[in-house]
Amino acid sequence: MSDLKALYQEVILDHNRNPRNYRKMENPDRFLEGYNPLCGDRYTVYIKMKGEVIEDISFQGSGCAISKASASVMGSLLKGKTRAEAEVIFDQFHRLVRGESKADAEELGKLAAFSGVSEFPARVKCAILAWHTMKNVLEDKAESVSTE
Ligand code: ZN
């Protein structure tokens, strides 16, 4: 295993063990549940906006290490970002886990830890679940998210 892969694995293990922003938000502007029936991952994503800025974001639920670490990294990256910035980061992440772009560690930071997921198509849905849910929350969609 290369040093880079070991480092990436460390990021995922760390965020799985100690997920950031893992809590139910008391008075979110919006929240939605996302479900990945293939793996059984199920999370609720909560967002509080201040104008166009994501003032607070949190999640709660259960699932595999990749889905939980992905939700945790997402929250720590998106807090304080605008809606437009969040959509750009979503697109970067989406392309990365689908293997459509090479990880640029400097640009993507902790997101690059998920670049290896593209080699495992079944895990792409785990990695993207919280992100799809977040996007639907931002777009104010009422439907809960299912990766199927
Ligand atoms: Zn999963």
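Structural remarks
- Cα pair distances of the range 3-138 binned at 5 Å [whole percent]: 2, 12, 22, 26, 21, 12, 5, 1, 0
- Diffusion coefficient of the range 61-104 by Stokes-Einstein, Kirkwood radius over Cα pairs, 20 °C, 1.002 mPa s: 187 µm²/s.
- For the range 3-138, the fraction of 1.4 Å probe accessible surface lying on carbon and sulfur atoms is 50 percent.
- Listed by chain and number, the aspartates and glutamates placed with their C-alpha closer than 14 angstrom to that of residue 81 are 52, 55, 56; residues fewer than eight positions away on the same chain are left out.
- For residue 68, the lysines whose Cα comes closer than 16 Å to its Cα, not counting residues fewer than 8 places off in the same chain, are 24, 110, 125.
- Value of [θ]222 nm, deg cm²/dmol, for the chain, DSSP H segments ≥ 4, -39500 (n - 2.57) each, nearest 500: -14000 deg cm²/dmol
- Each residue of the range 76-88 was assigned a 3J(HN,Hα) from its phi angle through the Karplus curve 6.51 cos²θ - 1.76 cosθ + 1.60 (θ = phi - 60°); the sequence is 5, 7, 8, 4, x, 8, 7, 4, 5, 5, 4, 5, 5 Hz, with glycine and proline shown as x.
- Rounded accessible area per residue of the chain, 1.4 Å, Å²: 52 Å²
- Taking the chain and dividing mean pair separation by its residue count, relative contact order in percent (alpha carbons under 8 Å, at least six apart): 30 percent
- Straight-line cross-link partners of residue 141 among the aspartates and glutamates, defined as a Cα under 16 Å from its Cα and at least 8 positions apart when in the same chain: 29, 33, 87.
- Under 5 Å between amide hydrogens, built in the peptide plane, is the criterion, and for residue 81 it picks out 54 among residues at least 5 positions away or on other chains.
The values are calculated or read from the model by the stated rules, or taken from the named source; none is laboratory data. Just so we're clear, the structure is a prediction, and the values are computed from it rather than from any experiment. These area figures cover heavy atoms from the full protein model, side chains too; ligands, DNA and RNA do not enter into them. Shrake-Rupley method; radii C 1.70, N 1.55, O 1.52, S 1.80 Å.
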